[in-house]
Structures are given as structure tokens and as C-alpha cells.
């Protein structure tokens with residue numbers, strides 16, 4: 001009757017014993033010798049799990065840095081800057097004893113820093129490089145990714161790129177905005193190299209992204225366990241796969257664009273600079289040809305996490321598996337033909353009309369996913385665990401982020417809202433309310449698997465409510481600010497916007513407290529967490545049913561044999577719905593169950 | 001399309017509570033109001049779909065919450081008619097929103113042939129305007145710097161005067177980087193480029209002062225690059241446009257040009273350093289440069305030539321402590337008579353004793 005496990009007769013996986021049994025049964029976290037040996041082991045590891053953990057640490061550190069910059073931006077905006085008749089400046093936090101103009105410049109460098117760190121160093125690698133690296137081979141029953149050394153190389157390239165970014169920051173940072181729009185970016189700080197270092201950093205980081213993407217595409221194609229057809233893959237794998245395709249296809253474009261930008265700055269070749277016959281809008285086209293698809297590199301992994309969390313914690317087969325899977329691929333495809341909607345105020349009218357029409361197309365597969373997740377909850381068995389709270393929070397915030405895209409996709413309303421706080425609120429609701437909320441939920445979901453420890457549900461839930469309330473309080477007022485005409489990237493503002501800005505700043509502090517609560521939860525869990533069972537949530541995907549918590553070095557004792565889809569929760573016998581115990585009825589010959 | 005001017009009470013009566021919450025004030029142009037109507041339509045579409053979807057999700061989550069001994073119930077894992085319906089219905093709504101947005105967009109950009117044309121030039125960090133008879137902004141066309149509205153720098157913002165109830169077309173270009181000419185009350189903005197002209201038009205309905213912002217990030221004082229759109233009755237506009245602004249007095253002409261040509265964005269008169277050096281006490285001082293030997297500005301000839309060179313070829317000598325930020329002007333932008341005004345104005349700002357500083 002048991003079919004879920006290929007390795008054990010009763011459906012419960014072996015637990016890789018710590019300190020006993022054979023060497024290959026040892027957890028991947030088991031230290032190999034003294035401190036120096038452990039460091040060397042981690043630094044030279046080709047184990048996708050260790051690389052995933054190293055990425056997680058690096059990425060969360062970058063999230064912290066970008067978050068500090070964000071708080072500095074919000075604090076500056078608590079008051080508008082006033083200069084009285086005598087020249088005394090009030091309301092300017094970042095004024096370091098100099099003129100208000102220098103304060104403005106500091107502000108410009110800090111919001112640029114926030115954007116560059118959050119986009120290039122945090123959110124693009126975030127889910128794929130950390131959770132994706134850790135989980136993808138486990139979920140498809142593989143020992144590792146297809147090219148383990150390339151995987152390690154990608155991590156070192158990421159570090160190398162970060163060094164360039166840090167060099168640039170130490171030299172005073174850049175004030176170009178994360179978009180590097182020409183001709184401003186080719187003119188500013190003309191005597192200095194910091195802009196070149198920063199662009200070089202983004203260029204190098206692109207290779208890290210390509211390495212990861214390439215690895216994942218090949219892994220999904222070639223290393224699935226016997227019996228796992230394309231439509232037996234967990235939806236997390238579909239999401240990461242679609243992401244990887246975009247990374248491989250779009251990232252080279254930004255690489256070339258950034259090189260051209262460096263040449264323009266250093267050798268004045270006249271591609272983007274109008275003084276030499278170049279066209280600054282050409283840069284915008286090149287830039288968004290990458291940077292729009294990359295929006296989906298950021299959000300598709302978020303969708304991927306939500307599909308896993310909702311099915312597991314609602315103990316329910318996903319509603320419309322194929323629709324969710326294909327919508328990821330559709331989004332990845334359409335992502336390449338909507339870049340012009342970032343340029344409704346700068347490109348020609350005909351182009352704007354075409355891009356507006358195409359933009360509304362991408363809304364359909366996105367809406368379909370939200371409907372499918374909602375329908376999955378129907379007649380489920382919903383546990384309000386921290387990951388599930390994050391998934392429910394995600395539905396709320398991501399829906400707002402998605403729906404407000406309609407105001408921006410419509411040409412007439414975009415002419416008003418473009419480059420205002422409405423746009424700032426919109427993309428934070430998608431990026432932070434979508435990807436980051438899903439990412440935090442995902443870390444909690446897979447935390448027991450990654451580190452073999454449970455975390456404090458109580459404190460994690462307190463963290464969730466602080467993050468959820470703080471996030472909405474920070475960004476919802478910004479929709480109103482933008483509607484009332486407040487432009488973005490302003491170091492100060494008219495007095496009439498003060499109340500909403502202050503609300504937003506207070507919200508950002510609540511959000512910060514919430515995020516630190518989660519940091520506390522994680523550290524506490526590592527130090528004093530209860531030992532996690534192999535499958536605390538009662539999930540049915542391979543990383544839970546066939547691997548120990550934490551997994552052994554080679555993931556599985558035996559290559560798993562897959563006989564069903566990813567989410568056959570309806571087929572689990574009612575008597576065995578206790579966590580960690582799942583027995584499936586025998587499959588009907590010739591017919592797969594699960595979707 | 002209805003081009004009549006609604007009266008004030010009529011406009012207020014039309015404003016819904018939701019619109020007041022989001023926008024505070026009605027748009028001041030017909031098409032601005034049209035785009036607000038579209039905004040409110042999308043808003044209600046969003047509210048209804050959000051409440052349905054999230055309401056259902058949370059209702060399901062609560063109704064089917066996990067209870068001991070109660071297993072997951074069986075339910076279909078897909079339903080093709082339902083999935084088709086929830087794909088096609090949103091698509092139809094989006095087709096409608098796209099079409100409305102497209103229609104109003106063309107309306108906002110395509111100006112009627114009889115529109116009053118005002119040329120706008122963006123320059124870091126200042127807007128300047130020229131009417132179709134060649135009149136530039138006059139000394140009176142700037143806000144009182146004492147009237148600090150929260151945008152730092154207590155600088156005087158240019159006031160661009162337009163007639164109420166008449167179509168006004170803005171022809172916009174930039175001298176340096178990309179800016180964006182944004183009139184929130186018209187719900188309209190368009191980017192302003194250094195290598196071409198862009199245009200849109202408005203037909204303001206009610207007289208009053210309205211904000212103009214720069215909406216494309218352009219550097220240090222981006223947030224101070226604002227202006228005022230002053231809507232006046234048509235007769236007053238004609239009178240304003242035709243008023244003489246040539247200033248006989250050289251010093252006063254220079255003071256006016258300091259604002260009108262955007263010098264004020266970088267050069268202060270009170271001795272504080274900004275993006276560029278202050279103009280206070282320049283005459284008689286000895287200048288230190290990063291790329292040239294020092295220069296004693298003690299006699300008229302050296303001083304005149306130095307200012308002339310700084311206007312037309314500013315990077316020949318870069319003052320110590322500053323970057324090569326100053327744009328080069330041409331004789332067409334600042335003519336001889338104007339240059340002399342600027343020189344006289346700077347000279348009037350105080351004289352250091354010879355060899356001082």
C-alpha cells in the first residue's frame with residue numbers, strides 16, 4: 001500500500017543519524033574537523049545545500065544594508081526641508097553640517113544605494129540562489145544541481161561583484177538612481193570612478209545570475225528522479241524553472257548595456273549622449289528590455305513559494321496545476337514584450353499604445369494564479385502556521401500590488417502617476433509585498449528542513465503581524481501621495497504631503513521591528529530550537545518525504561522513485577494525517593494520481 | 001467631447017467622497033477630469049475584485065481551518081469552465097480599461113491647431129518659459145522666496161502664466177539631462193529631452209495657482225525644480241504676454257537674468273556655497289582654479305573677460321572645490337546686452353579690497 005517512499009517500507013523516511021551510521025548518512029551541516037577545516041570545507045564546497053545557505057546569509061546581509069538605507073530615506077522624509085530667511089535649515093536629517101544642497105545630494109546617494117542594493121544584490125538573487133539552490137535538487141530527487149562547480153563559481157562571482165559595489169560605496173556612492181538613466185549617469189561625478197565601479201558591479205553580478213539560471217534549466221531538464229514527469233514536478237520547480245529561463249535570456253542584454261554605458265563615460269563614444277548624436281531614450285529601451293523581465297525574476301520565485309506553502313499548510317492539491325504551471329511560462333514569455341510600459345512618458349505615442357495593450361495581457365496569467373490559490377483553500381484543512389500566515393498575507397499585499405498595476409498600464413492615468421509615489425507604492429507592494437513576504441514565509445516553511453531545528457511559532461507570528469501592519473502602513477499612504485502628485489526621488493516636499501509621509505515613516509519603523517523579530521526568531525532557533533522531525537508540516541513533496549532534516553550530504557539514501565504528482569493530499573488516508581505520517585493508497589495501474 | 005467650462009459649485013457637486021479621499025481636488029482640465037473618471041473606474045474594479053478574491057480566500061481559510069480529526073475534504077482539482085471564465089472576464093475588463101486609457105492619452109497629447117504655444121526649457125534645476133511673441137519670464141514672474149512652501153532653498157520659483165478656458169500647448173526641451181514637466185492639476189506629464197522637443201496641451205478651467213514639478217530625477221536639487229502654473233482670465237493673459245520686460249538698468253537686468261536664465265539654481269548671492277561658487281564679493285577677489293593658475297579679478301578687463309569666459313566656455317577654469325557642472329551657453333542663449341547685465345550685477349554684489357581673500 002505504501003508508494004510514497006522508495007526507500008522505506010512504511011512511508012516514513014529514514015532519518016540520517018547524527019554521529020552514528022555510515023559516513024554518507026551524516027547531515028550536511030555536520031562539521032568536518034576544527035574551525036579552519038570547517039571554513040575551508042564551506043568555502044570550497046560544491047554541495048548545493050551549503051551554497052544555498054551561504055547565499056542566504058549573504059543575501060540577508062544585503063537586505064539589512066538596503067533596509068538601513070531605506071530607513072535613512074524614510075527618516076529624512078519625516079519633515080520637509082525648510083530654509084528660513086537667515087539661511088537656517090530645518091527638517092533635514094542628512095544635512096551633515098553643510099548646506100541644504102549637500103543634504104539633498106546625500107539623500108540622492110542614499111536612495112540610489114537602497115535601490116541598487118535591493119535590486120542587484122538582494123532581490124534578483126534572493127529566492128533562486130538561496131531557497132532555489134537548496135531545494136531544487138531535493139524537490140526533483142537529485143543529488144545536486146547539474147553543474148556543482150559552476151554553482152560555487154556563481155557564489156564567488158556574486159561576492160566579487162559585491163566587492164566592486166562596496167568599493168564604489170566607500171568612495172562616496174553614486175547618485176544616478178538604480179536605473180542609471182543617461183545622460184545623467186554619463187555626466188555625474190565626472191571626475192570620479194565610483195559610477196564606473198558601481199556599473200561594473202552590476203555587470204559582474206549579472207554573470208552570477210546567468211550561472212545560476214543555466215544550472216537550474218539543465219538540472220530541471222536532466223536530473224529529475226525516475227518517474228517524475230514534467231507535470232509531477234512541484235510548482236516551486238516550475239516557478240524557478242521559468243525564472244531561470246528569463247535569467248539566461250535577459251541578463252546578457254543588461255551586461256551589454258552596462259558595458260556600453262562604461263564606454264560612454266570613459267571614451268565618449270556617443271551612443272547615448274545627445275551632445276554627440278546619441279539618444280538617451282535608447283538606453284532606456286536597452287535597460288528595460290532587461291529590467292522588465294527581471295521584475296519576473298523577482299516575483300516568479302515568490303509565486304513558486306506560495307504554491308508550495310498553500311498546498312502544504314492547507315493540505316490540499318493545488319487547484320488547476322497546469323494553469324499555475326503554464327501561467328509561469330506565459331508570464332516569462334510576455335515579460336519580454338512589455339518593457340515599454342516603463343517609458344509611457346518618454347517613447348513615441350504608437351509604441352506607448354502597443355506596450356499598454358501588451359501590458360494588460362500579462363495581468364491575466366497573474367490574476368489566474370491568485371484565483372487558483374484561493375480555490376485551493378476551498379475544502380482544505382488550513383493550519384494557521386507562520387508560513388501560511390505569510391501566504392495569506394501575500395494574497396492581500398500582492399493583490400494590491402497587482403491591481404494597482406492597472407492604473408499604471410492605462411495610458412491616460414499613467415501620464416499622471418508615472419514617476420510619482422504611486423509607482424513607488426505599486427512596486428513595493430509587488431516586490432516587498434510579493435517577493436519578500438513570500439521569501440520570509442518560505443524561509444519559515446523550509447527552515448526545519450534547512451537547519452533541522454524548529455522555531456518559535458509565537459514569536460514568528462508576532463513578527464508576521466508587525467511586518468504585515470508595518471508594511472501596509474509604510475506603503476499604502478504612498479498610493480495617496482502619488483495620486484495627489486508627489487513625485488518620487490524628492491529629498492523634500494511641499495508641506496501638504498507631510499502627514500502621509502510621517503505615517504509612512506512610522507510604518508517603516510514598525511516594519512523594521514517586525515523584521516528584527518524574525519532575525520531574533522532565526523537566531524533563537526539555531527541556538528535553542530527544538531529538533532525538527534523530517535516532515536513537520538506533513539508535506540508530500542520529496543524534500544520532506546524522502547530526506548532527513550537537515551538532509552544528509554547526498555540528499556537521499558537511494559534515488560527516489562516517483563509514482564504520483566506533487567500534491568496528492570486528497571489521496572492521503574484520513575487516519576494518517578498526523579504530521580510526518582503519510583500512507584498513500586496503491587495507485588490505480590496506468591493512472592497517475594495527484595492532479 | 002464637452003469643452004464647456006463647468007462652474008465651481010457644479011465641479012464640487014460632482015466630486016465623490018472617494019475621489020476627494022484620493023485626489024483632494026478635482027483636476028483643472030477636461031481631460032484631467034476624464035482621466036480621474038477612468039482612475040475612479042479602475043479603483044472600483046480593484047475594490048470589488050479585491051474584496052471578492054481576498055474575502056473568499058479568508059472565508060475559506062477560516063471555514064476550512066484545521067480541526068483535530070477532521071480530514072481534508074475531497075474537491076475537484078480543476079474545473080475548465082470556471083478557469084476559462086476567470087480568465088476571460090478580467091481580460092474583457094482590461095480591454096475596456098486599455099481602450100479608455102488609449103483614447104484619453106491621445107486627447108491629452110494631440111493639441112488643437114489654435115492652441116497658444118509656450119516653449120518650456122528644463123535646465124538643472126530650473127524651468128524657463130517663452131511665449132509665442134518671444135517674451136520670456138519677467139522680473140515679476142517669480143514667487144516670493146520668503147514664502148517658503150517646504151521645498152528647500154528659499155529660492156524664487158518661476159511663474160508660468162496661462163489663459164483660462166483656452167488651449168495651451170507646451171513645446172518642451174532640455175539643455176542638459178532628461179527632466180519631466182509635470183502638472184498634477186492637469187494629470188499630465190511628459191519627459192523633456194536634450195535632443196528633441198516633446199509636447200502636450202492643457203485647457204485649464206479655473207483661475208488660480210497650480211504646482212509644476214520636475215518628475216524625472218535630474219540630480220542634486222531635483223526636488224527644488226518646481227514652478228507655478230498661474231491660470232488667469234484670457235484678457236489678463238494677453239496683457240501679461242505683451243507687457244515689456246526689457247530692463248534699462250544694467251544691474252537690475254542682471255538680477256532678473258540671474259533667475260530667468262537659471263543661474264540662481266547654482267549660484268547664491270549671500271556667500272553660501274552651492275553647486276557653483278557664490279557671486280558675492282567676486283569683483284576684486286583672487287580666484288583659485290583646479291586647472292589653471294590663479295586669477296586676480298581686480299581690474300575691469302580681467303573681470304569682464306573672466307565672467308564672459310565662464311558663461312560661454314565655463315570649463316576652461318574650474319574654481320577650486322567645485323566640479324565641472326556648469327553648462328556652456330551660446331550667444332543665442334545669452335546675448336551681449338544680457339551678458340553685460342550679468343557682469344554689472346555681479347560687480348555690484350560687493351568688491352573685495354585688492355589682493356583680498
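Could you tell me the relative contact order of region A:205-257? Use alpha-carbon pairs under 8 Å, at least six residues apart, and round to a whole percent. Mind dumping the intermediate values first?
Working: 30 pairs, mean separation 33.9, N = 53.
Relative contact order of region A:205-257: 64 percent.
If the viscosity is 0.692 mPa s and the temperature 37 °C, what Stokes-Einstein diffusion coefficient in µm²/s follows for region A:83-158 when Rh is the Kirkwood radius over Cα pairs? Could the numbers behind the result be given before it?
On the way: Rh = 16.2 Å.
Result for D is 202 µm²/s.
In degrees from 0 to 90, rounded to the nearest 10, what is the angle of the helix A:437-451 Cα long axis to the longest principal axis of chain A?
It works out to around 40 degrees.
Along the Cα→Cβ direction, 7 angstrom out, place labels at residue A:326 and residue A:156. What is the inter-label distance in nm?
4.4 nm
If I fit a long axis through the Cα atoms of helix B:300-312 and take the longest principal axis of the Cα atoms of chain B, what angle between them do I get, 0 to 90°, rounded to 10?
20 degrees
Could you list the residues of region A:451-471 with an amide nitrogen less than 20 Å from a label point located 7 Å from the Cα of residue A:530 in the Cα-to-C-beta direction?
A:451-464
Do the sum for chain B: with -39,500 (n - 2.57) for every DSSP H run of n ≥ 4, divided by all residues, what is the mean residue ellipticity at 222 nm, to the nearest 500 deg cm²/dmol? Before the final figure, lay out each step's value.
On the way: 8 runs with 124 residues, N = 357.
Rounded to the nearest 500, it is -11500 deg cm²/dmol.
Grab the beta carbon distance between residue B:16 and residue B:82, set R0 = 35 Å, and tell me the FRET efficiency rounded to 0.05.
After rounding, the FRET efficiency stands at 0.55.
Using only the Cα atoms of chain B, what do you get for the radius of gyration and for Dmax, in Å?
Calculated on Cα positions, Rg and Dmax stand at 27.9, 99 Å.
Between region A:502-557 and region A:358-408, how far is it from one alpha carbon centroid to the other, in angstrom?
A separation of 22 Å, based on Cα centres.
Would you report the distance distribution of C-alpha pairs in region A:173-276 as whole percents per 10 angstrom bin, up to the bin with the largest distance?
Cα pair-distance distribution for region A:173-276, in percent: 14, 35, 22, 16, 11, 4, 0.
Taking Cα pairs under 8 Å and at least six residues apart, what relative contact order does region A:228-350 come out at, in percent?
On the way: 113 pairs, mean separation 44.6, N = 123.
Rounded, it is 36 percent for region A:228-350.
Can you work out the FRET efficiency for the pair residue B:242 and residue A:354, with r the C-beta to C-beta distance and R0 = 41 Å, to the nearest 0.05? If you can, show how the numbers build up before the last one.
On the way: r = 44 Å, r/R0 = 1.07.
Calculated transfer efficiency: 0.40.
Any idea how far apart residue B:296 and residue B:103 come out in nm if each label point goes 7 Å out from Cα toward Cβ?
Result for the modelled spin labels: 7.6 nm.
Under the definition of partner shielding as Cβ atoms of other protein chains within 10 Å of a residue Cβ, what is the mean value for peptide A:347-356?
On the way: counts 1, 1, 5, 0, 0, 5, 5, 0, 0, 6.
For peptide A:347-356, the averaged partner shielding equals 2.
Residues of A:377-386, mean number of Cβ from any other protein chain within 10 Å of their own Cβ, rounded to a whole number?
Values: counts 9, 10, 8, 9, 8, 9, 3, 4, 1, 0.
That average works out to 6.
Using Cα atoms only, what is the angle between the long axis of helix A:321-334 and the major principal axis of chain A, expressed in degrees (0 to 90) to the nearest 10?
In chain A, helix A:321-334 runs at an angle near 30 degrees to the longest axis.
Suppose a student asked you for the relative contact order of chain A, using Cα pairs under 8 Å spaced at least 6 residues apart; what percent would you report?
Relative contact order, chain A: 20 percent.
Full extension from residue B:315 to residue B:288: what is 0.36 nm times the residue separation minus their Cα-Cα distance, to one decimal in nm? Don't skip to the answer; put the middle values down first.
Values: separation 27, 0.36 × 27 = 9.72 nm, distance 1.37 nm.
That pair, residue B:315 and residue B:288, stretches by 8.3 nm at full extension.
Mind computing the radius of gyration and Dmax over the alpha-carbon atoms of region A:473-575? Å is fine for both.
Expressed in Å, the Cα Rg and Dmax of region A:473-575 come to 24.0, 67.
Between residue A:269 and residue A:361, how many nm apart are label points set 7 Å from Cα along the C-beta direction?
That separation, rounded to one decimal, is 3.2 nm.
If only Cα atoms are counted, what is the Rg of chain A, and what is its Dmax, in Å?
Answer for chain A, Rg first and Dmax second: 24.5, 88 Å.
Every number here is computed from the coordinates shown, using simple stated rules; none is lab data. Worth saying up front: this structure is predicted, and the values here are computed from it rather than measured. Cβ atoms come from the backbone with ideal geometry, glycine included; neighbour counts cover every protein chain shown.
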